[in-house]
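Take a look at the structure set out below.
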Amino acid sequence: MALVEGNTQPESASQQPYVFKVVLLGSSSVGKSSLAFRLIKNDFKDILPTLGCAFFTQMMELDGSALKLEIWDTAGQEKYHSVCHLYFRGANAAILVYDIADKDSFHRAQNWWKELENEFQPEEIVVILVGNKTDLEDSREVTLEEGKAFAESKKLLFVETSAKLNYQVTEAFIAVARELLRREEQNGGQSRQRSPPVDLKETARARKVKCCQD
Amino acid sequence: MTAPWPARSGTGLSWPHLLPLHQGHSGRQAGWRKLQALKLCLLPKPRAAEMEARGGACGGSAPAPEAPSDSARPFGVASDEEPSGGPGSQESCGPPRADEEVQGALPGPEEGAPTHLGVHELSGQTSLDKKYNRGTKDSGKPGKMSGTGDTSQRGDLPTPGPRDDEDVTAEGWRSRRKHVFVLSEAGKPIYSRYGNEEALSATMGVMMALVSFIQSGDNAIRSIYSDDRTLVFLQQGPLVLVAVSRTPQSAAQLRCELLGVHAQIVSVLTRAGVARVFERQRSYDLRRLLAGSERILDSLLDGAEREPGFLLGAVRCLPLPAPFRDSLGALLQRATAPSLAFSILAAGRHLVTAAQERAVLEDCRLDPADLHLLLNLVGASSAFRAGEVWAPVCLPRFNPDGFFYAYVSYLGDNTDYAICLVLLSTDREAFHALAGCKRIVEEGLQALGASRVLAGGGVGLPSYGVSAVGAPDLRHFLYKPFDVPDNYRQLPQFTSPEMEGPYASECERQRLFDLYYHLHGRLHSPSRPLRLIYHVAEKETLLAWVTPKFELYACFNPLVTKSGAIHAVTKLLRWVKREEDRLFIRYPPKYSTAPVRHGPNRTDSALENGL
């Protein structure tokens with residue numbers, strides 16, 4: 001975090017950055033952490049499954065506006081879902097990741113979409129569907145068209161990426177950021193605040209919702 | 001206690017030995033024949049028939065049932081079934097013994113069995129070393145060393161896949177030094193250290209058959225000894241754990257390791273969580289929940305082979321100047337938030353300092369076994385050292401049924417030094433509060449010039465070589481003090497120098513560890529614990545010594561004389577005394593957090609926070 005703030009100070013001091021909360025969702029080992037790692041460190045390595053969730057911040061500048069993305073990288077593993085749900089609330093954007101070489105992960109991504117649909121109004125959240133691992137073209141199980149068709153039917157953004165080959169990763173995040181900015185301008189800049197950590201009302205609600213999964 | 005059942009002539013099979021044996025065995029012979037057939041599959045290479053008579057020797061404690069409190073023992077301490085095994089309890093309730101066991105003392109009855117390392121110190125040269133020689137020779141075989149080779153590789157580059165690719169029918173798989181299996185009561189494979197669990201379902205089925213067959217007679221299988229392998233069975237709730245080992249570890253030590261594996265599973269899912277899924281569905285495939293945790297278990301087992309902390313039930317501290325450590329402690333005391341229970345600064349598996357909430361401390365101190373599990377979990381999951389991790393973690397010794405919420409973040413530029421901050425909270429919404437604590441710690445570290453102090457050593461860790469002691473005959477040692485101030489609340493700690501010189505290579509290091517394991521097993525033997533062992537091995541001479549003040553394992557060059565060794569030990573003890581402020585955390589910091597909402601206490605952290 002220090003690192004990110006170190007290299008991109010909000011240049012326009014007159015203007016506080018927009019702060020957006022972005023969650024990475026998807027089944028395990030589709031490459032959520034790798035996407036985040038590529039974005040933040042511009043590197044790729046084999047990494048172990050995420051424990052719980054990991055939090056990163058990334059500063060961005062887009063069309064003259066400063067943005068701060070607070071990225072929640074969630075574990076794909078079932079056992080951590082309840083903890084991740086906590087951080088899913090209040091999200092401005094969701095990145096639904098699937099592995100193009102794993103049909104099952106595509107179905108899971110669709111299920112994640114349904115969960116989001118239950119929690120959010122369509123205008124509340126920007127959702128992008130990301131088919132990761134285009135480097136595994138040979139063992140592809142989900143075609144580009146299938147992904148696109150699902151995204152279009154639900155009005156989601158869509159992109160195929162490869163965190164390994166650094167193909168369209170930054171583009172995916174920029175697409176999200178651009179859409180967030182566009183909506184923000186329509187709504188008149190509510191997100192422009194220094195740091196909106198936990199929404200206390202949400203916290204109160206979280207108490208009541210008992211998550212009994214493991 | 002000899003086997004009441006006859007060995008089938010000419011099969012050359014070994015027999016399982018069962019504890020406790022309080023049931024008659026007549027009329028079971030048909031069953032045993034079946035077992036015999038099963039064992040063929042279990043033991044890859046049946047050797048000459050040998051009935052392990054060891055259980056007979058510990059007859060006094062034999063019927064001791066596998067009490068549930070069993071699981072509450074630190075798994076580094078091999079005192080599973082012995083009445084007076086704990087080093088602390090020895091002088092009070094142990095049988096009267098000479099301070100030094102004279103070389104060539106008659107072997108205890110338990111050592112009569114040739115299957116077990118039948119060592120008596122006088123002839124130690126021959127019998128023990130033959131055994132170890134075989135070990136080293138074996139190391140040339142692809143099977144054995146590929147194990148360790150594999151793991152180090154895995155440590156550096158955890159690639160998914162290869163771990164499961166191993167052919168479980170191959171000789172290489174069979175000749176692994178140690179196998180660990182976890183299965184459910186329904187016989188479903190959950191984890192295998194090597195090879196794919198799926199491919200092993202038949203073998204695991206056999207294991208479960210063994211377990212349930214013995215169970216049907218109101219008994220519990222504990223271990224099987226064959227010529228060169230020890231099989232240990234452990235049942236923990238709905239899980240069955242099995243170790244098949246060619247190492248010189250005693251069954252008690254293996255059992256502790258299995259308890260450790262179980263505890264690591266619990267640390268991810270909680271005991272209640274595991275019980276719940278199996279209550280719902282007996283045939284549940286726990287791998288679904290454990291997905292991704294296999295590598296955490298792998299790294300735990302690797303750690304047990306290379307970190308003496310597991311054996312000693314203690315934590316290794318990073319040697320640091322006392323004032324610097326104190327200021328780090330003060331920093332942790334300053335960076336608190338409501339609901340914070342533990343703050344830990346660690347470098348790899350070395351503890352830098354740890355602070356604990358006062359109220360929590362009243363309740364329970366942080367257990368070294370829990371800390372091992374935690375650091376293993378953190379280490380195994382944070383190959384990706386950017387960002388801040390927030391995850392539910394259970395500390396089984398503290399409370400096996402509840403979660404803490406762990407905030408994990410690496411501090412500083414991790415190319416300099418990889419120091420990791422772990423904060424445990426009872427509040428699952430506390431992420432942002434703890435992120436605030438981290439910022440305080442980070443700023444404090446900068447102000448202290450931590451990177452300069454911590455980056456002193458080679459790999460970014462200040463460590464020391466054995467030459468620092470100034471005893472030329474001494475090659476390596478493990479020292480665990482008992483006389484720390486505030487002892488009952490202290491985290492057990494130990495210190496040891498870097499592995500250098502003759503032990504720099506992986507295979508020699510392994511050999512030294514095997515010797516330590518062996519000596520530890522003898523010191524803490526269930527039937528005849530010892531206080532002092534002077535052991536002349538082929539390539540080195542070792543001394544193991546436990547007193548009310550410390551436990552010490554020292555390794556000397558092979559030509560050392562007894563008086564030379566004693567001289568070196570005296571020197572070592574003096575050196576440790578002089579350096580203890582640097583080597584150990586003498587006064588662990590404490591803090592109080594205002595009891596807001598969740599008063600951090602044992603019961604509270606249980607279900608309230610359960611996912």
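Each value in this text was obtained by applying a stated rule to the coordinates, not by laboratory testing. The model shown is predicted, which means the values in this text are computed figures rather than measured ones. Here Cβ is always computed from backbone atoms with ideal geometry, including for glycine, and neighbour counts include all displayed protein chains.
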### Query
So what J values fall out for region A:111-126 if you push phi through Karplus, 6.51 cos²θ - 1.76 cosθ + 1.60 with θ = phi - 60°, rounded to Hz, Gly and Pro as x?
5, 4, 4, 4, 4, 4, 4, 6, 8, 10, 7, x, 7, 7, 9, 8
### Query
Taking the Cα-to-Cβ direction at B:Ala170 and at A:Asp135 and moving 7 Å from each Cα, how far apart do the two end points lie in nm?
2.5
### Query
Over region A:16-186, what is the mean sequence separation of C-alpha contacts under 8 Å (at least six apart), divided by residue count, expressed as relative contact order in percent?
25
### Amide H partners (placed H, <5 Å) of B:Cys317, local residues excluded
B:Leu351, B:Phe494
### Query
Considering the zone a paramagnetic label at B:Val453 would reach in this model (a point 7 Å from Cα along the Cα-to-Cβ line), which residues of region B:346-378 have amide N under 17 Å from it?
B:346-348, B:350-355
### Task
Based on alpha-carbon positions alone, could you give the equivalent ellipsoid semi-axes of region A:16-186 from the gyration tensor, as √(5λ), descending, whole Å?
22, 18, 17
## Note on the structure
Taking placed amide H atoms and a strict 5 Å upper bound, the residues 5 or more places from A:Val97 or on another chain that come that close are A:Leu25, A:Gly26, A:Val130
### Message
With a cut-off of 8 Å between alpha carbons and a minimum separation of six or more residues, what is the relative contact order of region B:160-306 in percent?
### Response
22
### Volume in Å³ per residue [convex hull over Cα atoms, computed for region B:296-393]
127
### Message
Out of the trypsin sites (Lys or Arg not before Pro) in region B:260-294, which ones are loop residues according to DSSP with at most 14 other C-beta atoms within 10 Å?
### Response
B:Arg282
